[in-house]
1. Counting only residues that are more than 21 Å from Asn79 (Cβ to Cβ) and not aliphatic (A, V, I, L, M), which one in the range 1-32 is farthest from the chain's Cα centre (by Cα)?
2. Within the range 147-173, how many residues turn out to be closer than 24 Å to Asn124 by Cα and either at pLDDT 90 or above or not assigned by TED's automatic domain parsing to the domain that holds Pro133 (or both)?
3. Condition first: modelled with pLDDT under 80, surrounded by 12 or more Cβ atoms within 10 Å (Cβ to Cβ) and either aromatic (Phe, Trp, Tyr) or closer than 30 Å to Thr84 by Cα (or both). Can you find one or more residues in the range 130-139 that meet it?
4. Evaluate the following for Leu199: is it closer than 28 Å to Asp76 by Cα and either free of Cβ contacts under 8 Å to residues at least 40 places away in the same chain or surrounded by 14 or more Cβ atoms within 10 Å (Cβ to Cβ) (or both)?
5. Among the numbered criteria (1) under 20 Å from Ala129 (Cβ atoms); (2) free of Cβ contacts under 8 Å to residues at least 24 places away in the same chain, which single criterion is violated by Ser157?
6. May I ask you to list pairs of residues, at least six apart or on different chains, whose Cβ atoms are under 6 Å apart, with the first in the range 71-98 being more than 21 Å from Ala122 (Cβ to Cβ) and the second being surrounded by 18 or more Cβ atoms within 10 Å (Cβ to Cβ) and among the hydroxyl-bearing types (Ser, Thr, Tyr)?
7. Could you pull out the residue among Ile164, Ile180 that is more than 12 Å from Tyr220 (Cα to Cα) and crowded, with 19+ Cβ neighbours inside 10 Å?
8. Which of the residues belonging to the range 183-196 are exposed (fewer than 13 other Cβ atoms within 10 Å of the Cβ) and part of a strand (DSSP E or B)?
Amino acid sequence: MYVLIGGAGLVGLSLAQQLVDLGHTIAIVDIDPIACRYAREQVGAMAFEGSAVSTNLLLEAGIRKADALAAVLRDDALNLAMVTLAKHYGVPHIVSRMRQSDFEGPLRLAGAHHVISTVDLAVNTMVTAIEYPQVKSMMHYEQGQVEVFKLAVPAESHVAGCTIAEVARDSRFPAGSLIIGYQPHTHADLVIPNGKTVLEAGSTVLVVTKSELLHQVIDYLGLCPESISN
């Protein structure tokens, strides 16, 4: 894909690097000449020096042929302007960073398909890391309404040795939550489990649940001492 990124700060450059590593063609627009040079020499992206809300510069950077655009500028108002221009030039997929939550509505109205609050994401991740250090990683979806996380099954967990079907039948396992991935040990591949998959102690599960049920699911899988009912 041809991806156009507005902003060559830490977020923009990190995003560009990962997309380049995945084989995509990346163009970055930023007013900072040093950041643009870094993007060219160290990241392997094309870089256009100037305002990311300049129509002339965006056309030069290839906005008409872009498959996706990410507005990750330091100012929400500039991101809003860039999203508006991306919509005008027909970019099929538009992603925007957001700092202040009151910009979410305008960004979506302007044409952003995904609005990502870097502050909320960082805070939510740190809160979970503090409350539940056993959670290995977490992703938030639908503006934080849905959570997908990885959790190791400790040896003392009451689900160790149980099948996923047994867990699903347990009334204490929050309804609407699903175990969607299973990794027997650290060096094994993550697989899609079925009802007969046994949750071994030390294995890792990938779980999807609603945000309000997150603590219940984690407590049930990792901390609850009671024996599971078959």
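1. Checked the range 1-32; the qualifying residue farthest from the chain's Cα centre (by Cα) is Thr25.
2. 1
3. Yes, the range 130-139 contains at least one residue that is modelled with pLDDT under 80, surrounded by 12 or more Cβ atoms within 10 Å (Cβ to Cβ) and either aromatic (Phe, Trp, Tyr) or closer than 30 Å to Thr84 by Cα (or both).
4. On the way: closer than 28 Å to Asp76 by Cα: no; either free of Cβ contacts under 8 Å to residues at least 40 places away in the same chain or surrounded by 14 or more Cβ atoms within 10 Å (Cβ to Cβ) (or both): yes.
Considered against the rule, which asks whether it is closer than 28 Å to Asp76 by Cα and either free of Cβ contacts under 8 Å to residues at least 40 places away in the same chain or surrounded by 14 or more Cβ atoms within 10 Å (Cβ to Cβ) (or both), Leu199 comes out as no.
5. Of (1) under 20 Å from Ala129 (Cβ atoms); (2) free of Cβ contacts under 8 Å to residues at least 24 places away in the same chain, only one is false for Ser157: (2).
6. That search, which allows pairs on different chains as well, returns Val83/Ser96.
7. After ruling out the rest, the residue left standing is Ile164.
8. The one that is exposed (fewer than 13 other Cβ atoms within 10 Å of the Cβ) and part of a strand (DSSP E or B): Val191.
The values are calculated or read from the model by the stated rules, or taken from the named source; none is laboratory data. The structure presented is a predicted model; accordingly, all values stated were derived computationally and were not measured. FYI the Cβ positions are ideal-geometry reconstructions off the backbone, even for glycines, and counts take in every protein chain you see.
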